[in-house]
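A.B. asks: Take this structure, written in structure tokens, and hold onto it; I'll ask about it next.
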Amino acid sequence: MVKTEKDLELKAKSCAQNLEDKFSGANGKTAVLICSGTGCLATGAKDILETFKEEIANRGLQDKVEASKVGCFGFCSQGPFVKIMPDNIVYRGVKASDVSEILDKTIVGKEIIERLLYVDPVTKEKVSKLEDMAFYKKQLKVALHGCGIINPEDINEAVGYGAYQGLAKALHMDPQEVINEVLASGLRGRGGGGFPTGRKWQFAHDQVSDEKYVVCNGDEGDPGAFMDEGILEGNPLGVIEGMTIAGYAIGAKQGYFYVRAEYPTAVARLRNAIKQAEEMGFLGNNILGSNFSFNVGIRLGAGAFVCGEETALLNSIEGKRGMPRPRPPFPAVKGLWQKPSIINNVETLACVPYILREGASKFNALGTEKSKGTKVFALGGKVNNVGLVEVPMGITLRELIYDIGGGIPNGKKFKAIQTGGPSGGCLTEKDLDTPIDYDNLIAKGSMMGSGGAIVMDEDNCMVDVAKFYMDFICDESCGKCSPCRIGTKRMLEILNKITDGKGTMDDLNELEELAQVVKANSICGLGQTSANPIVSTMKQFREEYIAHIVDKKCPAHVCKSLMKYVIVADKCKGCTLCARNCPVNAISGTVKQPHVIDQTKCIKCGLCQSNCKFDAIIKE
């Protein structure tokens, strides 16, 4: 039990030494760290950890080797990862069947297993250390502090890696001084809006009320986004500490995590962290011997995207339907149960301990003039290195995609990057040297959002991309206001009409008009930004819309109604493989003679093309 700041000092010193001994081998053991983020768990990390423990026990190596889980390494497309310390060797794509070989060759024999090393997609060199991988070279962990390093289920490792140093400093300050420190840091909300965090805290602090609340928004719903999930899985105590500091600053005694139930690993680790923090004395009454008391609870969301909007989230916590409230009053005045409340997302709260621990000036020194600190991105799509990336604000899109992301696979040409998810927009090659921050992205017709970054190449149809996001928005609209409920549905109908080859030029005009109406009249941010992907793609790729409407063709050969599979006679060897795999018998021909596809029967499933060994089948 840590009852005083002196107790924390002694505990932190002891835990830090144990952690140092673990990583340096001073405890006489080789440490095997297994990435246990959702991505790696989905590809066998749990089995790898269990196999390591079984093999270590069977060989009697308990005094020489220790295997443990850590949070997400970030490099999701290359997982599962296994890191061996103190040799600092990292293996990627590991399977449970590799464990015996790793123990024999690397841990006992001190030999590197070449086939398990990462191969750089650009240089083709094999790399054995994380810090030598291009994916990590420009990253800086602030919100992701401790992720991939500490065991997220062991509070002692978190304390040894700096947990609660920020809170200890905050408790020596006046609440207003804490708010001033956050204001001086320049921290803006990482949930998408970019509102200055300190100002939000100030509004709630200034309210006179018998009860106030801090709410952590973990309802991450953007397609392809997993920033908050990675943080909660990798270092949940960091977010709890940030929430506790926020509670002290505004005068709240209760905090709530709102996390979607679709994040079972994050929820389980968060529950465990809260329990351990309570047992250690970091939550509850008179924290660290002060007069400050704070408790934390968890509420699970059902996965409604609209509950990412803060007032809809508050309704959900209260047991009501997740629908946005009119504003004003704002939550800082009347929030949860009509009491002053602040809602910060996971990444925002994860940055707070760093600011208090290291000082506002250190955080403020990172980033751009109006966007300070770092930002976590979920980099995905048509890029070689897919994963969770934390970089200083101001890095360019080119650096993000080509230096960290390793460029576009298979020599394809970069086409666009969608930032900000369904609320954002697409940026093209001409924008690649744009420094990433809140204002620059908005000026370019997109937005930061919560941090989703989906890369697209020449094979993507931008009309189809807009349709994908609009389909998502239609499903997720709460239906409270008619502009969003009806307007988004109508826009989706027009997009379907265009991709089916039935669109007209008048439809483009109607799309633009609807976009403005829905933006101007919707109640919440979901409806107000719902048309952004359409507006953005129409601005950047209007010629693709025109091709669908006038030429009745999809330039990227994605929209099935506007494309067909054709067999090139000069290339066809008459092997009959395509005909044998066609599910509707649309292909005919004799052995060793060119085949043909009956377009009236073809369902455009693509099996013929994927089975052809001679590249004789093309899309037109």
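Quick note: the coordinates plus some simple rules give every number you see, no bench work behind them. Being a predicted model, the structure only gives us computed values, none of them experimental. Cβ coordinates were reconstructed from backbone atoms using ideal geometry, including for glycine residues, and neighbour counts include every protein chain displayed.
A.B. asks: Set the Förster distance to 45 Å, then compute FRET efficiency between E101 and N496 from the Cβ-Cβ distance, nearest 0.05.
C.D. replies: FRET efficiency, E101 to N496: 0.30.
A.B. asks: For the chain, with the dipole built from +1 on Lys and Arg beta-carbon atoms and -1 on Asp and Glu ones, taken about the Cα centre, which of V296, G359, G445 lies farthest toward the positive end?
C.D. replies: Projecting each Cα onto the dipole axis, the largest value belongs to G445.
A.B. asks: Within the set of other residues whose C-beta is less than 13 Å from the C-beta of I494, count the net charge using Lys and Arg as +1 and Asp and Glu as -1.
C.D. replies: Result for the neighbourhood of I494: -3.
A.B. asks: How long are the semi-axes of the equivalent ellipsoid of segment 374-457, defined as square roots of 5 times the Cα gyration tensor eigenvalues? Whole Å, largest first.
C.D. replies: The three semi-axes for segment 374-457 are 18, 13, 12 Å.
A.B. asks: So between T576 and V591, what do we pick up on full extension, going 0.36 nm a residue minus the alpha carbon distance?
C.D. replies: 4.8 nm is the gain from fully extending T576 to V591.
A.B. asks: Measure out, as a whole number of angstrom, how far apart the alpha-carbon centroids of segment 324-357 and segment 82-154 sit.
C.D. replies: Cα centroid to Cα centroid, the span is 38 Å.
A.B. asks: Could you size up the charge dipole of segment 462-551 around its Cα centre, putting +1 on the beta carbon of Lys and Arg and -1 on that of Asp and Glu, and report it in debye to the nearest 20?
C.D. replies: The dipole of segment 462-551 has a size of about 380 debye.
A.B. asks: Distance from the Cα centre of segment 1-60 to that of segment 277-300, in angstrom?
C.D. replies: Segment 1-60 and segment 277-300 have Cα centres spaced 25 Å from each other.
A.B. asks: Per residue of segment 267-272, what does 6.51 cos²θ - 1.76 cosθ + 1.60 with θ = phi - 60° give for ³J(HN,Hα)? Whole Hz please, x for Gly and Pro, Karplus curve as stated.
C.D. replies: Here the 3J(HN,Hα) series is 5, 4, 6, 5, 4, 4 Hz.
A.B. asks: Oh, and also: Quick one: what do you get for segment 462-551 if you divide its Cα Rg by 2.2 N^0.38 Å?
C.D. replies: Against the empirical 2.2 N^0.38 Å value, I get 1.00 for segment 462-551.
A.B. asks: What are the radius of gyration and Dmax of segment 20-127, computed over its Cα atoms and given in Å?
C.D. replies: 13.2, 42
A.B. asks: Is there a quick way to get the dipole size of segment 20-127? I mean about its Cα centre, with the Cβ of Lys and Arg at +1 and of Asp and Glu at -1; what is the value in debye to the nearest 20?
C.D. replies: 160
A.B. asks: What's the angle, to the nearest 10 degrees (0 to 90), between helix 462-476's Cα axis and the longest principal axis of the chain?
C.D. replies: Between the helix axis and the principal axis of the chain, the angle is about 50 degrees.
A.B. asks: Computed over the Cα atoms of segment 564-619, what is the ratio Rg over Rh, Rh following Kirkwood?
C.D. replies: 0.89
A.B. asks: Using a 10 Å cut-off around each Cβ, can you sort D551, D154, D439 from fewest to most neighbouring Cβ atoms?
C.D. replies: Going from sparsest to densest Cβ surroundings: D551, D439, D154.
A.B. asks: I need the Debye-formula profile for segment 274-315: one equal scatterer per C-alpha, no solvent, reported as log10 I(q)/I(0) at q = 0.15, 0.23 1/Å, two decimals.
C.D. replies: Computed log10 I(q)/I(0) values: -0.55, -0.72.
A.B. asks: Here's a follow-up. Count charges around V142 for me, please; just the other residues with Cβ under 13 Å from its Cβ, Lys/Arg as +1, Asp/Glu as -1.
C.D. replies: Combined, the nearby Lys, Arg, Asp and Glu give +3.
A.B. asks: Using the Cβ atoms and a cut-off under 9 Å, what net charge is assigned to the surroundings of G247, where Lys and Arg are +1 and Asp and Glu are -1?
C.D. replies: +2
A.B. asks: Which value, to two decimals, describes the C-alpha radius of gyration of segment 309-458 once divided by 2.2 N^0.38 Å?
C.D. replies: Against the compact-globule rule of thumb, the ratio is 1.22.
A.B. asks: Projected area of segment 13-61, taken from the Cα convex hull and averaged over every viewing direction, in nm²?
C.D. replies: Convex hull of Cα atoms, orientation-averaged projection: 4.2 nm².
A.B. asks: In bins 5 Å wide, starting from 0, what share of all Cα pairs of segment 243-328 does each bin hold, as a percent?
C.D. replies: 3, 14, 20, 18, 19, 14, 9, 3, 0
A.B. asks: How far, in nm, would the chain grow between N291 and L140 when pulled straight, counting 0.36 nm per residue and subtracting the alpha carbon separation?
C.D. replies: Between N291 and L140, full extension yields an extra 50.8 nm.
A.B. asks: Another question, if that's okay. On a 0 to 90° scale, report how tilted helix 482-499 is relative to the longest principal axis of the chain, with both axes built from alpha carbons and the result rounded to the nearest 10.
C.D. replies: Roughly 40 degrees, rounded to the nearest 10.
A.B. asks: For the Cα atoms of the chain, what angle does the longest principal axis make with the long axis of helix 45-58, in degrees from 0 to 90, nearest 10?
C.D. replies: Value to nearest ten degrees: 60.
A.B. asks: Cα centroid distance between segment 518-597 and segment 164-213, in Å?
C.D. replies: One Cα centre to the other: 50 Å.
A.B. asks: Please report C602, C426 as a ranked list, fewest other C-beta atoms within 10 angstrom at the top and most at the bottom.
C.D. replies: Ascending number of Cβ neighbours within 10 Å: C602, C426.
A.B. asks: Taking the Cα centre of the chain as origin, work out the dipole magnitude from +1 charges on Lys and Arg Cβ and -1 charges on Asp and Glu Cβ, in debye rounded to 20.
C.D. replies: Dipole of the chain, to the nearest 20 debye: 1020 debye.
A.B. asks: Then there is this: So how do Y469, Y438 line up by other beta-carbon neighbours within 10 Å, fewest first?
C.D. replies: Arranged by neighbour count, lowest to highest, Y469, Y438 become Y438, Y469.
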